[in-house]
Ligand SMILES: [Mn+2]
């Protein structure tokens with residue numbers, strides 16, 4: 001279980017505030033396939049920075065609008081890369097982004113955007129974060145970036161408005177699957193309770209993140225589940241662009257699927273392979289193996305129980321990958337009660 005003992009460095013939090021306050025405009029690009037934590041945490045910061053008179057806006061880095069997150073207060077002001085004109089900005093603030101290369105097209109169209117010539121404030125909770133900012137607030141024991149932001153705002157003395165609380169609680173619920181993951185500590189729960197005290201409503205968050213879904217999601221899941229396969233103790237399935245097109249589904253609609261497969265009897269790791277024209281993007285989960293280590297062998301990263309990587313090549317590369325993950329999954333399994341703090 002995760003130690004509740006992490007504490008942000010107040011000095012670093014003040015450094016972050018200084019850099020952000022000196023900015024004329026802060027752009028906050030999100031990681032690709034943005035999830036609740038990845039958008040909620042920058043949105044909460046935007047609300048808090050506005051209290052200080054600082055202009056900031058989140059940008060969906062890969063240009064794919066996450067409609068499932070439209071319930072977040074302030075969503076209507078979020079910019080979408082490729083759809084909206086990029087504003088002039090003099091500071092970047094990345095939240096929940098372990099790696100600058102995970103910024104989608106915002107990065108791939110011009111990697112120099114994040115080469116450091118524009119100062120970057122880096123706020124994150126991924127153990128694999130490579131501390132690329134002028135200020136780095138990386139708390140790998142936090143279950144979500146939203147918890148880190150909650151503590152930062154306390155150091156700043158920001159007013160915890162209902163909108164901010166709703167964003168931050170949504171981020172915590174997103175990354176902890178509603179306070180259910182192993183990463184959920186007593187501290188996570190206390191922070192969630194504080195946010196509810198500040199006016200956040202868990203009900204609409206649970207509905208939006210875990211219950212309401214378009215019909216296209218069921219179509220996609222039906223295809224994915226029909227195609228479930230095993231390689232040793234690895235349970236996996238694959239989705240192709242054709243599956244998404246046939247169902248009229250967006251990539252984000254498959255996100256919950258890997259969680260559904262996780263914990264299947266006889267498995268150590270669950271994976272979804274998303275085919276693209278170069279190979280596959282892989283999302284992995286486990287209840288008892290360290291998938292961050294497995295993903296790292298393939299140039300990816302993430303958390304011990306949730307990680308991802310990209311594989312490039314043809315079917316033989318895919319077969320090799322699946323077999324290797326199966327071997328690593330069996331070897332990387334920890335005895336019960338011996339889980340790493342994450
Ligand atoms: Mn996160």
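What follows draws every value from the coordinates through simple rules; no lab data is involved. The structure presented is a predicted model; accordingly, all values stated were derived computationally and were not measured. Heads up, the Cβs are rebuilt from the backbone with ideal geometry, glycines too, and the neighbour counts pull from every protein chain shown.
A few comments on the model shown:
- Considering only the chain, percent of DSSP beta bridges that pair antiparallel, nearest 5: 50
- Residue 154-residue 213 pseudo-label distance in nm [points 7 Å out on the Cα-to-Cβ vector]: 3.5
- Think of it as helices only: each DSSP H run of n ≥ 4 in the chain is worth -39500 (n - 2.57), and spread over all residues that comes to -11000 deg cm²/dmol at 222 nm.
- Placing R0 at 30 angstrom, the Cβ-Cβ distance between residue 315 and residue 245 gives a FRET efficiency of 0.90 after rounding to 0.05.
- Site pair residue 293 and residue 131 shows an inter-label distance of 2.3 nm when each label is modelled 7 Å from Cα along Cα→Cβ.
- Taking other Cβ atoms within 10 Å as a rough exposure proxy, 79, 160 sort from fewest to most as 79, 160.
- Applying 1/(1 + (r/R0)^6) with r as the Cβ-Cβ distance of residue 14 and residue 52 and R0 = 22 angstrom yields a FRET efficiency of 0.95.
- Calculated translational diffusion coefficient of segment 180-267 (4 °C, 1.567 mPa s; Stokes-Einstein with Kirkwood radius over alpha-carbon pairs) equals 84 µm²/s.
- Reported to the nearest whole Å, the Cα centre-to-centre distance from segment 202-279 to segment 6-61 is 30.
- In degrees, nearest ten, helix 36-51 long axis to first principal axis of the chain (Cα): 0
- Note on segment 215-331: the alpha carbon radius of gyration divided by the globular reference 2.2 N^0.38 Å gives 0.98.
- Full-stretch length increase - residue 67, residue 225 - with 0.36 nm per residue and alpha-carbon distance subtracted: 54.5 nm
- Ranked from largest, the principal axis spans of the Cα set of segment 17-110 equal 31, 30, 25 Å.
- Here the alpha carbons of segment 10-210 define both size measures, Rg and Dmax, at 15.2, 43 Å.
- Counting neighbouring beta carbons within 10 Å and listing from fewest to most, the residues 324, 223, 83 come out as 83, 324, 223.
- Per residue, the convex hull volume that the Cα atoms of the chain enclose (Å³): 125
- Computed over the chain: relative contact order in percent, which uses C-alpha pairs under 8 Å that are six or more apart: 15
- Segment 10-210, relative contact order [Cα under 8 Å, separation at least 6], %: 24
- Whole-number percent relative contact order across segment 88-165, with pairs defined as alpha carbons under 8 Å at least 6 apart: 26
- Degrees separating the helix 162-176 axis from the principal Cα axis of the chain, which is the longest one: 20
- Here each label is just a point 7 Å from Cα along the line to Cβ, and for residue 22 and residue 85 those points are 2.9 nm apart.
- Helix 315-331 and the longest principal axis of the Cα set of the chain meet at an angle near 80°.
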